[in-house]
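Read the figures in this text as sums done on the coordinates, not as results from a lab. Keep in mind the model is a prediction, meaning the values are calculated, not measured. A quick note on method: Cβ atoms are made from the backbone with ideal geometry, for glycine too, and the neighbour counts reach across all protein chains shown.
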There are 2 protein chains.
Amino acid sequence: MAVVGVIGGGQLARMMISAAVALGIELRVLAEAPEASARLAATVVGDYRDVDTVLAFAQGCDVITFDHEHVPQEVLRALVAAGAAVRPGPDALLYAQDKLAMRERLAGLGVPQPDWARVESAEQLAQFLEDHSGRAVVKTPRGGYDGKGVRVVNDAHAADDWLAEGAVLVEELVQFERELAQLIARRPNGDARAWPLVETVQRDGVCAEVIAPAPRATEAVQREATEIATTIAHGLGVTGVLAVELFESMDGRVVVNELAMRPHNSGHVTIDGSSTSQFEQHLRAVLDWPLGDTAPRAPWGVMINVFGGLADSQIAAALGHQPSVKVHAYGKGARPGRKAGHVTAIGADLDDAAYRARAAASHFD
Amino acid sequence: MAVVGVIGGGQLARMMISAAVALGIELRVLAEAPEASARLAATVVGDYRDVDTVLAFAQGCDVITFDHEHVPQEVLRALVAAGAAVRPGPDALLYAQDKLAMRERLAGLGVPQPDWARVESAEQLAQFLEDHSGRAVVKTPRGGYDGKGVRVVNDAHAADDWLAEGAVLVEELVQFERELAQLIARRPNGDARAWPLVETVQRDGVCAEVIAPAPRATEAVQREATEIATTIAHGLGVTGVLAVELFESMDGRVVVNELAMRPHNSGHVTIDGSSTSQFEQHLRAVLDWPLGDTAPRAPWGVMINVFGGLADSQIAAALGHQPSVKVHAYGKGARPGRKAGHVTAIGADLDDAAYRARAAASHFD
């Protein structure tokens, strides 16, 4: 029986459990805390930044993969040195950990990006602002997620606090028609399969809703998104799921916003909406098993994130109101603003699926 | 967070895990052995026939349900006496445990059955044989499953060993066109939802293949099957999933063969083929939560059981050959003839789905 070790016990690890159970894979999770979302599969509770903890966890696993991209490079490299199969590997993960490194590397691959610069001082930021109509996005190279570590600025001193810590990434503020995400999975042997392009709707920098496939994307945009993701997956040697967040700009460009090398919020719709979910595909990919069909199970799928918490009474009310909607709870304690679950509706009609998903989600307000 | 306790750690409990994870339900399993199929969710390893073990297990569970119907009535009644919600309850489960009691009760409900009799001696068996062209099926009232405890006889002394232990059930040997199964789930509040009728193909008394929906059943047969299952679910006060195995006889009758009050092999196709799987529906039903949509996700679904074992290399070969087929492994050690997993293909064309399922299953021969 194949054994996959997952570092991190969040909802992504939790949602791998079902795929592992189906395929007869033993999933082991290194969780941050006993009450972690993926606690059912936790075999170790410990600190993923501690080399000894991680090395001990990896003993007996056929492959190590991730719930998040925060494992330090020195820990990843110690795993590789100890003979562990780490997928994605440290050389690839670097580009999901460090946004400056990502921009430099994608530029080398010729992938379309927003204008960007490495900035080390307020003077350099001022210059970038001057070249971009006085507005820009500043990002800390590391540690940002869900809108954290990201700041829209129009003042050269608005990032002084971050600059005191080191260089930052500055990017043009893309005026976009819509945000898109292209997911793809790649095996170590080089085989790769993409899912249909999806549209994502953000609120306050956090994914709120995903529509699959992207309803207004032209065929040319879909093709370009798949090409971009394929180029990145191969170019960076990604193994497992790669999520490429994209902007479709008002001036017609498709440019890369962010990367994630793991199952991703924009892919949750694949659990109910695709022949192969991103969680199953991730496990197959990191085990170097053949990849599954990524065809949709219905013409449309709509996924809506639920924040705060999902009380049993709310779940029952949502299920009662919308018998065809699938509810996914992450087993977390309630906390305002916290991603606590999602709902998905699939069907032949987009408006109907969106209505059902929103009606179910409304029970969790 | 709702807590469901499952007595029995086989593949049915295992396949409840995914549904529980999705709905944020805490599943606790009383497993027979540490290596049980549902070991991931096992909180107790012990003997389900021991009252103290079962009462201790039930502590803190909102409801107790089952992976099998072998829990003795005295244990079930001790649970009820201790205040546990037991679903299905002992009064209903009796009819899944005792085939004589089932025949008597269904007769009282007016449900169509094969000719049958309670037989206590070879003389009585001889009389039944004389009345039924010299052939009949003898069944031990308790403990039979997957063809065990069932014997086709044409000799009045062929059941002497069983008769020495007590009364047996004797039934007409139904000449059937096909075998069918009707699944339905019922909540304590009385709400019930049936899935489409399926056809089952048995080999050596064990389910080999299921086709959903039943491809050659007339509308009248479908309607009758649903009516029968509905009558039984309400009449017996079943809570959770009820599987009614049926014969469609060559002379045009639809008659009840067997009952199971739990998720059932004939319903595995619902995992990939239905909006709501039998495992999710069972959990919703026993929690008295609203039931889910039972509509199919595709016009056809074909499920094929895998016996013996599923080695990783076989799983990978099957997935490589048939990227759209879903493989379900039960995490059991290999043993000849043992139900070890199943594969499911769904799609718009029955022949194509059947081909893909069989092609994938062939990797496990």
Fill in: Nearest-20 debye value, the protein assembly as shown charge dipole, Cβ charges on Lys, Arg, Asp, Glu
400
Practice prompt. Please pull out the direction-averaged projected area of the protein assembly as shown, using the convex hull of its alpha-carbon atoms, in nm² to one decimal place.
Written response: 32.0
Worksheet item: So, in Å, what gap is there between the alpha-carbon centers of segment A:253-318 and segment B:268-304?
Response: 20
Worksheet item: Amide H to amide H under 5 Å from B:Asn257: which residues, 5+ apart in sequence or cross-chain, H placed 1.01 Å off N in plane?
Response: B:Glu245, B:Leu246, B:Phe247
Worksheet entry | Separation between Cα centres of segment B:146-210 and segment B:20-40, rounded to whole Å | 28
Worksheet item: Which whole-number percent is the relative contact order of chain A (Cα, under 8 Å, 6+ apart)?
Response: 14
Worksheet item: Given the Cα-Cα distance of A:His157 and A:Asp52 and 0.36 nm per residue of separation, how much length would full extension add, in nm?
Response: 33.6 nm
Response to the item:
A:Asp115 and A:Ala167 label points (each 7 Å along its Cα→Cβ direction) are spaced in nm at 2.0
Fill in: Stokes-Einstein D in µm²/s, Kirkwood radius over Cα pairs - segment B:273-356 at 10 °C with 1.306 mPa s viscosity
111
Fill in: Lysine pairs within the protein assembly as shown, Cα separation less than 14 Å, 8 or more sequence positions apart or different chains
6
Worksheet item: How well do other chains shield peptide B:320-329, expressed as the mean number of their Cβ atoms within 10 Å of each residue Cβ?
Response: 5
Worksheet item: Computed over the Cα atoms, what is the radius of gyration of segment A:196-266 divided by 2.2 N^0.38 Å, N being its residue count?
Response: 1.08
Worksheet item: Which order do A:Met250, B:Met303, A:Met261 fall in if you start with the one that has the fewest other Cβ atoms within 10 Å?
Response: A:Met250, A:Met261, B:Met303
Worksheet item: For segment B:115-171, what ratio Rg/Rh do Cα atoms give with a Kirkwood hydrodynamic radius?
Response: 0.92
Discussion item. To check my understanding: the extent here is largest minus smallest coordinate of the Cα atoms along each principal axis. What are those three numbers for segment B:108-225, in Å, largest first?
Written reply: 43, 33, 24
Worksheet item: log10 I(q)/I(0), Debye, Cα-only segment B:3-68, no solvent, q = 0.15, 0.27 Å⁻¹?
Response: -0.37, -1.18
Item to complete: Would you kindly work out the equivalent ellipsoid of segment B:161-315 from its C-alpha gyration tensor and give its semi-axes, the square roots of five times the eigenvalues, largest first in whole Å?
Response: 24, 21, 18
Worksheet entry | Ranking of A:Val152, B:Val86 by count of other Cβ atoms within 10 Å, fewest first | A:Val152, B:Val86
Fill in: Shielding by other protein chains, B:14-22, mean Cβ within 10 Å
6
Worksheet item: If the label for B:Gln73 sits 7 angstrom from Cα along the Cα-to-Cβ line, what are its distances to the same label in every other copy, in nm to one decimal, shortest first?
Response: 7.1
Worksheet item: Could the peptides B:95-102, B:54-61 be put in order, highest first, of the mean number of other beta-carbon atoms found within 10 Å of their residues?
Response: B:95-102, B:54-61
Discussion item. Given Cβ point charges of +1 (Lys, Arg) and -1 (Asp, Glu) and nothing else, what value in debye, to the nearest 20, does the dipole of segment A:115-171 about its Cα centre take?
Written reply: 260
Discussion item. Going by amide H atoms built from the backbone, whose H comes under 5 Å of the H on A:Lys339, apart from near neighbours?
Written reply: A:Gly308
Discussion item. So if I average 1/r over every pair of distinct C-alpha atoms in segment B:231-293 and take the inverse, what Kirkwood radius in Å does that give?
Written reply: 12.8
Worksheet item: Rounded, prolate or oblate: which fits chain B when a ≥ b ≥ c are the square roots of the eigenvalues of the alpha-carbon gyration tensor, with rounded for a/c under 1.5 and prolate only if a/b beats b/c?
Response: rounded
Worksheet item: Hey, if you drop one equal point scatterer on each alpha-carbon of segment A:59-149 and run the Debye formula without solvent, what base-10 log of I(q)/I(0) do you get at q = 0.21 Å⁻¹?
Response: -1.08
Worksheet item: What does the convex hull of the Cα atoms of segment A:1-157 come to per residue, in Å³, rounded to a whole number?
Response: 144
Discussion item. Please list, in order along segment B:192-209, the HN-Hα scalar couplings obtained from phi with the Karplus expression 6.51 cos²θ - 1.76 cosθ + 1.60 (θ = phi - 60°), rounded to whole Hz, x for Gly and Pro.
Written reply: 9, 9, 9, 8, x, 4, 10, 9, 10, 10, 9, 10, 6, x, 10, 4, 9, 8
Fill in: Local electrostatic count at A:Thr230 - Lys and Arg +1, Asp and Glu -1, tallied over other residues with Cβ under 13 Å
0
Discussion item. Per residue of segment A:163-177, what does 6.51 cos²θ - 1.76 cosθ + 1.60 with θ = phi - 60° give for ³J(HN,Hα)? Whole Hz please, x for Gly and Pro, Karplus curve as stated.
Written reply: 5, 4, 8, x, 5, 10, 9, 10, 10, 4, 7, 6, 7, 10, 5
Discussion item. Projecting each Cα onto the charge dipole of segment A:3-86 (Lys/Arg +1, Asp/Glu -1 at the beta carbon, about the Cα centre), which of A:Gly46, A:Ser18, A:Val86 comes out farthest on the positive side?
Written reply: A:Ser18
Worksheet, complete the sentence: The summed charge of the A:Ser275 Cβ neighbourhood (under 13 Å; Lys/Arg +1, Asp/Glu -1) stands at +2
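Once you charge only the Cβ atoms, +1 for Lys and Arg and -1 for Asp and Glu, what is the size of the charge dipole of segment A:194-328 about its Cα centre, to the nearest 20 debye?
Values: 8 positive and 15 negative charges, 40 e Å.
Computed about the Cα centre, the dipole is about 200 debye.
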Fill in: For A:Ser133, inter-copy label distances in nm, listed shortest first [label point 7 Å out on the Cα-Cβ vector]
8.6
Worksheet entry | Using a 7 Å Cα-to-Cβ projection, A:Asp365 label spacings across copies, nm, ascending | 5.9
Worksheet item: Given H placed on each backbone N at 1.01 Å, which residues far from B:Ala136 in sequence or on other chains put an amide H within less than 5 Å of it?
Response: B:Val153
Worksheet item: Using the 10 angstrom Cβ neighbour count as an exposure proxy, how do A:Tyr48, B:Tyr355 rank, fewest first?
Response: B:Tyr355, A:Tyr48
Fill in: Nearest residue to the symmetry axis between A and B, taken on chain A by its Cβ, in whole Å
A:Ser18, 2
